[in-house]
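Data first, discussion second: the structure below is written as C-alpha cells.
The numbers here are math on the coordinates, done by the rules we state, and not lab data. Here the structure is a predicted model, which is why all the values come from computation and not from measurement. Every residue, glycine as well, gets a Cβ built from its backbone with ideal geometry; the counts of neighbours run over all protein chains shown.
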Amino acid sequence: MEVKTIMVIGAGQMGNGIAQVAAQAGYTTFMNDISEDLVDRGMTAIAGSLDRMVKKEKITADDKTAILGRITPAVTLDPASECDLVIEAVVEKMSIKADIFSALDRLAPGHAILASNTSSLPITGIAAHTGRPEKVIGMHFMNPVPVMKLVEVINGLATTPEVTATVRAVAEAMGKIPVECRDVPGFVSNRVLMVMINEALWELYEGVATAEGIDQIMKLGMNHPMGPLALADLIGLDTVLAILGVLQDGYGDPKYRPSPLLKSYVAAGWLGRKTGRGIYEYK
Ligand code: 3HC
C-alpha cells in the first residue's frame, strides 16, 4: 500500500520528532495536539531541530522551509479522514489511547493504518478499541527521533503482513531501520532498557555512588553514549515509572519493582529535562 499522507497525534517530544522525520521524508504531514499552544510548541521544537541540521550543513535553509511547509498543525482529529497512516504519540495511558483509537477508527478511511508509538502498552489491547485490529501496529521510535536509527515494529495478534510491510517501508523512507518483535510487555527495547535504568536508580537510592559516578561508569565502561540516569532524564522519569508499571503488571515479576527514589521524584514533579529538573538540574 502506498502512503502519502501521515497524521501524528501528540506534538510532544516524540510526536514532534515523528512529524519532523515524516515531513523530511516528503510525506504530507498533520501534527495534532489538544491546544494551539501545544501544537505551536511542537512546531517550534521542529524548527529548532531543523536549525541544528542547517547549522551542521545536513540540510539547507530552503530544505528547512520546505519541510516545515509540509506540516499542517491541527487541534482536532478531523484530518485523519485524509490520511493513509496515523501515528499516535500521546501519554502512556490506555484510557486516553483507547478514546483516540476509537475516534480515529471512525474518522480515518478504511484503508488507513493506525499505528501507536507506545513505549510498552499492548498493541493488541489498543487494537481492540477499533473495528480494524488487522491494521493496528506499533511503531516505536526512539528519543531523540531525528537522530536515532531504530523503529521497533510491534505486530499485534491480528496485524497482517501487508500492514507490517507498509510500516517497514515508511520507516525506511524516514531514514530509519525497522526491526520487528512480538507484542509482549515492554517489547524488546524497554524490557531490557528499563531494568538497567531502574537498577541505576536503586544504586543511587542505596548510595552506592553519586549520579555522576554511576553515569560515568556506564559511559566509560560500557561505551554507552549517555549514562542510565541522564538517559532517564531524557526519556522522562514519569515515562520510566509508567513502563516499569507495565512490566510489573505484565510479568508479575518483582525484578521490575521501581526504586522508591524514582517514585518520589515523579511525585515531586521532577520529571527530567522536560521540567528542568530530574536526577540532574537543567538550566
Ligand atoms: N534534532 C536534530 N539533530 C539532533 C538532535 C535533534 N533533536 N539532537 C541531537 N542531534 C544531532 C546533533 O546535531 C549531532 O549531529 P552530528 O553527529 O552531525 O554532529 C548528533 O545528533 C549528536 O548530538 P550532540 O553532539 O548534541 O550530542 P551527543 O553526541 O551527546 O549525542 C544523543 C546526543 C544523540 C542524545 C546521544 O547522547 C545518545 O545517543 N544518547 C542515547 C539516546 C538513547 O538511548 N535513546 C533511546 C532512549 S529510549 C526510547 O526513546 C524509548 C522510549 O520508549 C522510552
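Look at the Cα gyration tensor of the stretch 201-283: its axes a ≥ b ≥ c give a/c of at least 1.5 with a/b at or below b/c, and that counts as oblate. The overall shape of the stretch 86-217, judged from the alpha-carbon gyration tensor, is prolate: a/c is not under 1.5, and a/b is greater than b/c. The stretch between residue 57 and residue 196 holds 46.5 nm of extra length on full extension. This uses 0.36 nm per residue minus the Cα-Cα distance.
Counting Lys and Arg as +1 and Asp and Glu as -1 over every other residue whose Cβ lies under 14 Å from the Cβ of residue 49, the net charge comes to +4. The trypsin sites (Lys or Arg not before Pro) found in the stretch 92-129 that occupy coil by DSSP, while having at most 11 further C-beta atoms within 10 Å, are 93.
Using only alpha carbon pairs under 8 Å that are at least six residues apart, calculate the relative contact order of the chain and give it in whole percent.
13
Between residue 282 and residue 249, what's the calculated FRET efficiency when r is the beta-carbon distance and R0 is 30 Å? Round to 0.05. After rounding, the FRET efficiency stands at 0.45. For the chain, the longest principal axis of the Cα atoms and the long axis of helix 211-222 meet at an angle of about 70 degrees. Couplings 3J(HN,Hα) for the stretch 234-249, derived from phi with the Karplus relation 6.51 cos²θ - 1.76 cosθ + 1.60 (θ = phi - 60°), are 5, 5, x, 5, 5, 5, 4, 5, 5, 5, 4, x, 5, 5, 5, 5 Hz, where x marks Gly and Pro.
Centroid-to-centroid, using Cα positions, the stretch 84-115 and the stretch 1-72 are 19 Å apart. Each other residue within a Cβ distance under 13 Å of residue 269 adds +1 if Lys or Arg and -1 if Asp or Glu, for a net charge of +2.
Given axes a ≥ b ≥ c from the Cα gyration tensor, I'd like to know whether the stretch 5-182 is rounded (a/c under 1.5), prolate (a/b larger than b/c) or oblate. It comes out prolate by the Cα gyration axes. If one takes the longest principal axis of the Cα atoms in the chain, at what angle in degrees, from 0 to 90 and to the nearest 10, does the Cα axis of helix 189-206 lie? Relative to the chain, helix 189-206 is tipped by roughly 30 degrees.
Using the Cβ of residue 164 as centre and a radius below 11 Å, the other residues enclosed give a net charge of -1, where K and R count +1 and D and E count -1.
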